[in-house]
Structures are given as structure tokens and as C-alpha cells.
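The values are calculated or read from the model by the stated rules, or taken from the named source; none is laboratory data. Just so it is clear, the structure is predicted and the values come from calculations on it, not from any experiment. Neighbour counts run over all protein chains shown; Cβ positions are idealised from the backbone, glycine included. Accessible surface areas use protein heavy atoms only, side chains included; no ligands, DNA or RNA. Shrake-Rupley method; radii C 1.70, N 1.55, O 1.52, S 1.80 Å.
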Amino acid sequence: MAKDGIEALEEIKNNTIDLGIFDVMMPRLDGFNLLRKIRETSQMPVIFLTARGDDMDKVLGLGLGGDDYLVKPVSMTELIARVGAHLRRNYEYPETKTAKKSRLDYGSLCLDEDACCVYQDGVLAELSAKEFLLLQFLMRNPEKVFTKKQLYRQVWDDDLYFDDNTIMVHVSRLRSKLEKDPRNPEYIKTIRGIGYKFHIPRDN
């Protein structure tokens, strides 16, 4: 266990570390900047465990390459479960991993993962943190259909609670901000009886 960010960086450089658990508020080098530095050379799983629960902090942490973001207080049972899940995903099933691109470009939409920004025809779209995360997940998996429950679990990170209306409201808001005709969406398609998918325009 490192007492600050600089010590943690040295430990990671000099040792084989399977997974990191970072606090955002660490002395000398905070968790966000520590992650920036280690992502230059390492793709090890990183979980943020912090008291900073603002949505934009979560977006930044995940956008920088964090694999999970937990807000204190967290039960030890849940933390152990998350650690186990990320270790399995990273080391037992490496063939399922794909490299993350910093930019996702489809048609007139551009999502910059590093800057946590979305542009429509070159104009910055004002999205909430959850809208950004929902769009990011869909754009990372184009043409793949997801149920509302799957989307809720991915974006709201909650396996126990599910709100069908929350997904519909956020999809509606994304369409109103990004689609030229929200009633006839080009990108975020409804698959009747199942859920939603991100559609790649034919000219992309």
C-alpha cells in the first residue's frame, strides 16, 4: 500500500501489479494524474475508491481509462466482488478485450473520450454526465442491441436496481440534442420489444 501518488507510481513502475485501487484525493499526485501517467505504459485494471461522488468526477475517471468508480462508503463484499470481476475480465478472458480509441467518429457525431466531449457537426453538445456515458457505451458497441436493463447496469453501475423510465428519458434527451430529427433518429435506434442500438450511417 502506497502512502501517496508518487510512491504508488514508483511501486507500479518497479513491480508487477495486477490491479490498482486509487483514491482521487492523494497527496503529491492525485488519482487522476496517477492514472494518466500509468496509462502511458500499463493497461492494468484500475478502480477508483473515493469520497468524491460528483458525476463529472466519475466521467473524468472513466474517461481517463479507469475501469470502475466506487464512492465511499462501500461494503468490503462489494469491493471484493468488483476486484474479482475486473481481474477475471483482464486476465482470464484477454481475448475479449479491445483497445480503446480516444475518439469515436460516426457520421456527423464525434465523441472525444479523453476530453469527455461530444460534437455534432463540429459543434460542442452540452450533455450531462449520464448522457455522455450512455452515448459512449452505445458508440463503443455500434449496431449491437442492448436491453434497457443492460444499459442501466452499464451506465448506472447497479445490478440490484433498475429504472426503465430513466433509460427512456436519457435516450430522449440524447436524441433531442444530437439527432437532426429526434422523431426519426439516425443514430440511436429503438428496437421494438428489446431496447436500443447505435446505428452507423451508411455513408460513414
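Remarks
- With respect to the stated conditions, Thr77 fails to be of a type in the set (S, T, N, Q), open to solvent by less than 10 Å² (accessible area, probe 1.4 Å), within 23 Å of Ile17 (Cα to Cα) and at pLDDT 90 or above.
- Whichever residue in segment 184-204 is of a type in the set (A, V, I, L, M, F, W, C) and outside any strand (DSSP E or B) and, among such residues, is most open to solvent (accessible area, probe 1.4 Å): Ile194
- Hits in segment 13-68 - residues which are surrounded by fewer than 15 Cβ atoms within 10 Å (Cβ to Cβ), in contact (Cβ under 8 Å) with a residue 60 or more places away in the chain and over 17 Å from Cys116 (Cβ atoms): Asp18
- Taking segment 1-95 and the helices (runs of 4 or more DSSP H) fully enclosed by it, the elements with 1 or more residues that are touching a Phe, Trp or Tyr at 6+ places or on another chain (Cβ under 8 Å) are at 5-14, 31-38, 55-63.
- Condition broken by Leu135, with the remaining ones in (1) farther than 20 Å from Asp57 by Cα; (2) open to solvent by less than 50 Å² (accessible area, probe 1.4 Å); (3) modelled with pLDDT of 90 or more satisfied: (1)
- Residue pairs meeting the criteria (Cβ under 8 Å; at least 6 apart or on separate chains; first hydrophobic (A, V, I, L, M, F, W, C), in segment 181-201; second open to solvent by 80 Å² or more (accessible area, probe 1.4 Å) and in a loop (DSSP other than H, G, I, E, B)): Phe198/Lys144
- Residues of segment 144-183 that are within 26 Å of Asp68 (Cβ to Cβ), in a loop (DSSP other than H, G, I, E, B) and not β-branched (Val, Ile, Thr): Lys144, Asp157, Asp158, Asp159, Leu160, Tyr161, Phe162, Asp163.
- Considering residues of segment 141-183 that are open to solvent by 70 Å² or more (accessible area, probe 1.4 Å) and touching a Lys or Arg at 6+ places or on another chain (Cβ under 8 Å) only, the residue farthest from Gly195 (Cα to Cα): Asp159
- Among residues of segment 99-109 being out of contact with any Leu (no Cβ under 9 Å at 6 or more places or on another chain) and under 22 Å from Leu60 (Cβ atoms), the one that is modelled with the highest pLDDT is Ser102.
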